[in-house]
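Below is one structure, written out as structure tokens, with a few remarks after it.
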Amino acid sequence: MIQEQIQALTTLLPEYVQLVAVSKTKPIEDIQIAYNAGQRVFGENKAQELVEKQSVLPKDILWHFIGHLQTNKVKYIAPFVHLIHSIDSEKILIEVNKEAKKNNRTISCLLQFHIAQEESKFGFSFEEVKEMIESERFIQYSNIQIIGIMGMASFTENEELIREEFQTLHDYFHVLKSHYFKFNTEFKEISMGMSGDYKIAIEQGSTMIRLGSTIFGSR
């Protein structure tokens, strides 16, 4: 089933949309099946679990960290993480920069925006990001590369609301791109869309979708 799903998605998705297979809580065997089917990008949301899986699975896997990241956990994933989707505060950005420097790396990151109705979801407001980018201290974060933004829509059946929230994120991307990242060719990713809403996300300009249950079945 995993193999079939990956093959189906590969044919279905536009070329510019990257599929992140969300493998959190999934056993090594399932990830290996997905890997054997050609999938190379996997997303985890717990640092400890990510470290354990990274140590035993093939080394050409590109590991994405997609959950809320605590500052004291950054050091565990800094040596190898390919992309952090969930930079939701300047505090975490400072920590990632520090640990990247220790590992002699530049770590790619996405700024996470709070676009949903739920208060429980993490993320910056647009004003916070604007203030941070315009500040003099921002230039000092030389071991991180901001390559785009991420957001999660409200958990709802209301497709119109989901569409509006994704549209908002898309608008944020364009403002940031034209005002602050115009000459940064790396700034091109919009990570939005999960198993329940990825089709709407793609329609609204997503370049990266995070799918778990669609690939691996329900938890």
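All of the numbers you see were taken from the coordinates with simple rules; none came from a lab. All values reported here derive from a predicted model rather than from experimental measurement. Please note: Cβ atoms are built from the backbone with ideal geometry, for glycine as well, and neighbour counts cover all protein chains shown.
A simple spin-label model places the labels of Leu13 and Thr185 2.3 nm from each other, with each point 7 Å out along Cα-to-Cβ. Placing a pseudo-label 7 Å from each Cα along the Cα-to-Cβ vector at Glu52 and Glu157 gives an inter-label distance of 3.7 nm.
Relative to the current alpha-carbon distance between Asn36 and Asn103, full extension at 0.36 nm per residue lengthens the span by 21.1 nm. A Gaussian network model of the chain, with springs between Cα atoms under 10 Å, assigns the largest mean-square fluctuation among Asn97, Asn143, Asn36 to Asn36.
In a Gaussian network model over the chain where Cα atoms closer than 10 Å are linked, find which of Gly38, Gly151, Gly205 has the largest mean-square fluctuation. Taking springs between Cα atoms under 10 Å, the residue moving most is Gly38.
Taking the fewest neighbouring Cβ atoms within 10 Å as the starting point, the ordered list for Leu93, Leu12 is Leu12, Leu93. So what is Rg over Rh here for the chain, counting just Cα atoms and using Kirkwood for Rh? Here Rg/Rh amounts to 0.95. Of Gln32, Gln167, Gln204, the residue with the greatest mean-square motion in the GNM of the chain, using alpha carbon springs below 10 Å, is Gln32.
Taken one residue at a time, the phi angles of segment 25-35 give Karplus couplings (6.51, -1.76, 1.60, θ = phi - 60°) of 6, 8, x, 3, 4, 5, 5, 5, 4, 4, 4 Hz. Gly and Pro are set to x. Taking a straight Cα-Cα cut-off under 18 Å and skipping sequence neighbours fewer than 8 places away in the same chain, the aspartates and glutamates within cross-link reach of Lys182 are Glu131, Glu134, Asp171. Our note on the geometry: Cα centres of segment 186-219 and segment 59-77, 19 Å apart.
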